[in-house]
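The values are calculated or read from the model by the stated rules, or taken from the named source; none is laboratory data. Because the structure is a prediction, the values reported are computed rather than measured. All Cβ positions, even for glycine, are placed from backbone atoms using ideal geometry, and neighbour counts span all protein chains on display. Accessible surface is based on the protein model in full, side chains and every heavy atom, while ligands, DNA and RNA are left aside. Shrake-Rupley method; radii C 1.70, N 1.55, O 1.52, S 1.80 Å.
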Amino acid sequence: KKRAQTDYAPYFYDNGPNSNNGNMALLNLSEDTPKGTQIYVLNGTDPEGQPVKYGMTSEPGSKEYFRVHPKSGTVTLIEELDREAQDEIEVFVSISDGLNKVTEKVSVFVMDANDERPQFPQNMPSIVDVPENTTSGSSIYKVQAVDRDAGSGGSVTYFLQVTSGHESRSSEPSTKFAIDHHSGVLRIKPGETLDYEKSRTHFITVVAKDGGGIYKGKQQVMSSSATLTINVIDAQDTPPVFVGTPYFGYVYEVSSPGSEIFTVFAKDGDMDNPNPIIYSIESGADGVFAINKTSGCITLKVYPAELKREIFNIKVKASEVSPEGKRLDFAVTTVTIRVVDLNNHPPTFFGENGPQNVFELTMYEHPPEGEFLRGLKITVNDSDQGSNAKFHLRLVGPGRMLRVVPQTVLNEAQVTVLVEDSAAMDFEKSQFLTFKLLAIEIDTPERFSATADIIIHLLDTNDNAPKFSSDFYIARIPENSPGGSSVVSVTATDPDSGLWGVVKYSIYGSGADLFLIQPDSGIIYTQPWASLDAEVKSKYNFYVKAEDSDGKYSLAEVFVTIMDLNDHSPAFNENSLEKTMVIGAPVKIEAVDEDAEEPNNVIEYSIMKSDPDDIFDMDADTGEIKLKPYIKSMDIVQNISNHKDCTWSVVVQAKDRGSPSFSTTTVVKIDITEATQLKGPLTSFLLKCRENPMQFLGLVSGVIIIMLFVTVFISTVIYVRNVKSNKILPSRRIIRRKRKPRRQDDFQQPFREECCGGKFRNEDLEIPTADNINRNNNVKGCSHRAPPSPPNAPDMPPPLPSHYRHGDREWTVPTVSASVASKTKKRSHRGKDNPVNTALVSELKLRLEQKNMANRY
């Protein structure tokens, strides 16, 4: 059985309002289109390709303007169009394939054509009375005509066709009148006057023309006309005269509506035949004052609190009235009415178009400090006078961003708002700012005030650099990670809007070669070819840069640690696989694990096998192997082992602490020998140094350094001592004085000062002393002599005391250092050739020269 297919409804093509085929929606049609014109073609299709028919209907009761051909879809205009009567026509268009029918409601807009004339109002007066004394340039009538066309065809301009009346003495056309081409105001030409005696009537034809337009394909200007009859009214030659001018009146606080303020009085200038006078207010009253038309009494219509000004200048008109009741000649005077001030006006804020209490401004963030906001045009006013109009201005808002000037106002001022804190006007903090502008009266009991809102909409600028979430990032990655592995994700944000807030990432630095970064996401990866090895390099650091579209950027440092994996087994040092062990001293086995971190490179040592088992102990941390404590001699070793050479093979294991753990075993040959006969700690140390020569070298180096330090210290002490000695040495002169006789028994003073200058005697004095009590020398006798004074030869020594013994010690005082020094030299009886004296003289001469040179420089 064949399955039924779905039949879809037909539809119109929607080609838009400027097309001449489709569904006729929004069609524009000029009102001067001739009837019978084919204006459109309905166009549609059926999805199944079935033939379609078109139809068109109107709302029930409405006029039908169009007809459509059912097959071709051609739409024909069957009625005249009039835009002024109907500018939009709504119709229903339909399309049908026989089974389905689709109806759409469309609008046809009737476009204007210049088919209407300007029309004067039917109630337009044909006669206008104008007093002969009407001043030149005065308006006497306003003509108004209406053209219902649109655009230029609906604009009206006015012209005059003027002819004189039959009673005029001249047959020439009158040129006393002019009309404003746009407003239609009819005036007496400047410099022209009306004269009742010359011409009592003027006939004026007013022509109204439109601006022209297209009608049936041609440019057309249409016009119409109306005739005015102007009657010139005879007037008296002397206008009324006000009496008692100038006029002043006052309004007080106690006044009320109806109170009499002032009364004016005028009389006709024509004294012989005066006309009655009536009064009226021409201007300046603002609706708050009225005048009695017969008496001229001016009264108050409102309460004083409602008065908006302090002074009113009221124009009062006094007109003569003819017996027929027509107003003739007139006079105008000014009545000045002063309001005794009341504080009845609060301050008021004004914008460009009048009172305003909300002011808005759009500007960029961070304007320069001190700049005024140019977009704000604010005026503040208080209509009171004096102290009643004095008030303060104050700006209230977030922080101290803005400042208002002036701050004190009398009556009125232009308000200026200045920028004080540019940094606070930040788009990222707030996109709009709201301030209250306050005006508060100062010296009034009422303290009237006014407020206005200032709303500032901030526009964004690129004033922020991207900022990282941290100044540095720390990442750890296993060393067996493949290339392209994710390391760490960095994040930077830029609070600016739009493209300024888009952040791009990049990395650089000496440690960045193995890494790359996604510019948009900030994810750092290893290079696809990167091979990480913690044993080669375990620490990397580089910089990551976050930059916005304008080049503003910030930096953060990335530290990457390559996590060590336990991928190396311990390896023994081949030099330590054959050891000689002295009984009582250990031997050390060393293994190295090339892993980079603990515990992967921490090694534990153990003895896996030895024969016999119970002979060695091994330190698990240091790898030292030593004999069991009970083995103290070679006899015990030989009793345990059957080997004559006393050599053991020990299987040692080195195992790291990683996970998984790796281990290595090796065979260590240990040759056990007896200790030498040398005993003591030095012997034990030297034996240990055989196992570790670097320890011995370190000891030797330490001893050398200590000796150098001691040598430098001793040299420094000697140098300082010599410098101090030079300061005591006499620097100017040594006076040789004759030896005075002395008592032989005066041995208690080995030397004596000759004067206050500190000159020492150069005589050799022998002092008997006791035996060598301290036993600090082995000589039998000693001679202590005072150094001679250069450059003369020393004098002969005095005779020896009777109790002097050659074995006694003598004490000699050197003149250079002024210190007592013991001498243990044998006495020489030769004064001139004594080597001691010669040496002392040489030393004294040398030091004198050094001292003299020092004083010279």
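Charged neighbours of K209, selected by a Cβ distance under 10 Å, balance to -1 (K, R count +1; D, E count -1).
Each peptide in 503-510, 476-483, 380-387 receives the mean, over its residues, of other Cβ atoms within 10 Å, and ordering these scores from highest gives 380-387, 503-510, 476-483. Working note: Cα gyration tensor of the range 467-563, eigenvalues times five, square-rooted, sorted largest first, giving semi-axes of 27, 12, 10 Å. In this view, the solvent-accessible surface of K53, computed with a 1.4 Å probe and all protein chains in place, comes to about 130 Å². For K216, the solvent-accessible surface with a 1.4 Å probe is about 140 Å², rounded to the nearest 10. Among beta bridges from DSSP that stay inside the range 1-140, the antiparallel ones total about 80%. Sorting 37-45, 405-413 by average packing, meaning the other beta carbons within 10 Å per residue, from highest down gives 37-45, 405-413. Restricting the calculation to Cα atoms, every distinct pair contributes to the Kirkwood radius of the range 19-141, found to be 17.8 Å.
Considering every alpha-carbon pair of the range 348-459, the percent of pairs per 5 Å bin, from zero through the bin containing the longest distance, is 2, 12, 23, 24, 16, 11, 6, 3, 1, 0. Structural size metrics of the range 543-662, computed from C-alpha coordinates, are Rg and Dmax of 24.5, 91 Å.
Put a plus charge on the Cβ of each Lys and Arg, a minus charge on the Cβ of each Asp and Glu, and nothing anywhere else: the dipole of the range 45-108 about its Cα centre is then about 340 debye.
Ordered by 1.4 Å accessible area with all protein chains kept, F427, F472, F92, F177 run largest first as F472, F92, F427, F177. Over the range 1-75, the ratio between the Cα radius of gyration and 2.2 N^0.38 Å evaluates to 1.38. Largest first, the residues W529, W500 sort by 1.4 Å accessible area into W529, W500. Peptides 591-597, 255-261 ranked from most to least packed, by the mean per-residue count of other Cβ atoms within 10 Å: 591-597, 255-261. Once you divide the Cα radius of gyration of the range 241-340 by 2.2 N^0.38 Å, the number left is 1.13.
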